[in-house]
1. Quickly run through segment 292-320 and pick out the residues that are of a type outside the set (A, V, I, L, M), within 16 Å of the ligand (Cβ to nearest atom) and on the phi < 0 side of the Ramachandran plot.
2. Of everything in segment 237-256, what is under 21 Å from the mean Cα position of the chain (by Cα) and free of Cβ contacts under 8 Å to residues at least 60 places away in the same chain? Give them in sequence order.
3. Condition check: modelled with pLDDT of 95 or more and either within 11 Å of the ligand (Cβ to nearest atom) or within 20 Å of Arg233 (Cα to Cα) (or both). Does Pro185 satisfy that?
4. Any residue at all in segment 39-52 that is closer than 25 Å to Gly113 by Cβ, more than 16 Å from the ligand (Cβ to nearest atom) and in a helix (DSSP H, G or I)?
5. Just to check your reading of the model, which residue among Leu79, Leu59 is over 30 Å from Glu253 (Cβ atoms) and surrounded by 18 or more Cβ atoms within 10 Å (Cβ to Cβ)?
6. Got a sec? Which of Val232, Val263 is part of a loop (DSSP other than H, G, I, E, B), surrounded by 16 or more Cβ atoms within 10 Å (Cβ to Cβ) and outside the structural domain of Ile149 (by TED's automatic domain parsing)?
7. Based on this model, can you work out whether Asp209 counts as in a helix (DSSP H, G or I) and either without any contact (Cβ under 8 Å) to a residue 12 or more places away in the chain or surrounded by fewer than 21 Cβ atoms within 10 Å (Cβ to Cβ) (or both)?
8. Checking the conditions here, which among Ile295, Ile319, Ile239, Ile228 is among the hydrophobic types (A, V, I, L, M, F, W, C) and modelled with pLDDT under 95?
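The values are calculated or read from the model by the stated rules, or taken from the named source; none is laboratory data. Only a predicted model underlies this, so the values are computations on that prediction, with no experimental measurement involved. Counting neighbours? That spans all protein chains shown, and the Cβs are built from the backbone with ideal geometry, glycine included.
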Amino acid sequence: MTTATAPGKIILFGEHAVVYGQPAIAVPVTQVQAKVDVDDSPRPGVWVHAPDVNLHEELSRLAPGHPLGEAIRSVFSALRVPPPSSADRKEVNGKGGLAITITSTIPVASGLGSGAAVSVALIRSLSAHLGHPLPDEQVSALTYEVEKIHHGTPSGIDNTVVTYAKPVYFVRGRDGEPPTIEVFPIARPFTIVIGDTGLPAPTKEAVADVRRLWEADRTRMERLFAAIGSIVRAARQAIEEGHPERLGPLMDENHALLQEMTVSSPELDRLVEAARRAGALGAKLSGGGRGGNMIALVEGGSASRVANALREAGAQRGIVTTVG
Ligand code: MEV
């Protein structure tokens, strides 16, 4: 059996504006993860088991555009071998059928990168099981193609941070050019509390709504994107210079700009306010918005106070994570 895992992620700064060429900072969240086991099976075909969503199906019966089916097919086509067929016992690398089991502790549609993490773990474990583990760059590129199904017009930041599992400063490439990905030093570690509204937040819809607003008034929206870009650059400087406390006000400013872009929600705003009242240095939504998760910057001692305040304000869970 071959197993691979991939972490969740949070966007610290720059979501949405990153789709329009501004920088963004994202970090992995290792407390949650997707895990994929691939094993040989006496049963012909490629059997996909995702017990969390009650899926037990053979690859050829997954509809075109199904993200799991597309991720699996992309590996076979990258390796230029056909998937073992369910109709006959064609062999791949001398093996019979395959059983792929997918599990994940990353909440779905919550801004924590569950789709990207499942694809990364799947592409890694399947390619390794077939004897040709794909390099990170290709894992990330294939995951990006699957992300297009989830997101429509993804920037590429989710697949990047989840593949490399390191904090990244990311700028989308123009006109199909590759992105700029910089792994930068975290001079002093800092603590983030993640609060989940429990409301599913399909990134695709929020991204499409922002696009409609941009199409209706490019000047106004590009002013907001540029303001977010300045916040991201200041945040990177604060992190590199060992002044994470400066991130608090920057988070508050970033959240206000995301509110103007209509991607916050009453539930997210309530959690952001609760975190600030409980002593967080700053707070903002994280990811696509409208629901899903928010993040708060806390000083070491106040993490549990803020996490409790978030639960009292309606959060489904509070994950405490250290960056750096
Ligand atoms: C989603 O995690 C982040 C967004 O900026 C979309 C993207 O970058 O693809 C909202």
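1. Asn293
2. His255 - this is the single residue of segment 237-256 that is under 21 Å from the mean Cα position of the chain (by Cα) and free of Cβ contacts under 8 Å to residues at least 60 places away in the same chain.
3. Numbers: modelled with pLDDT of 95 or more: no; either within 11 Å of the ligand (Cβ to nearest atom) or within 20 Å of Arg233 (Cα to Cα) (or both): yes.
Answer is no for this residue.
4. Yes, that holds for at least one residue.
5. Working: Leu79 fails: surrounded by 18 or more Cβ atoms within 10 Å (Cβ to Cβ).
Exactly one of Leu79, Leu59 is over 30 Å from Glu253 (Cβ atoms) and surrounded by 18 or more Cβ atoms within 10 Å (Cβ to Cβ), namely Leu59.
6. Values: Val232 fails: part of a loop (DSSP other than H, G, I, E, B).
That would be Val263, the only listed residue that is part of a loop (DSSP other than H, G, I, E, B), surrounded by 16 or more Cβ atoms within 10 Å (Cβ to Cβ) and outside the structural domain of Ile149 (by TED's automatic domain parsing).
7. Yes: the conditions hold for Asp209.
8. The match here is Ile319.
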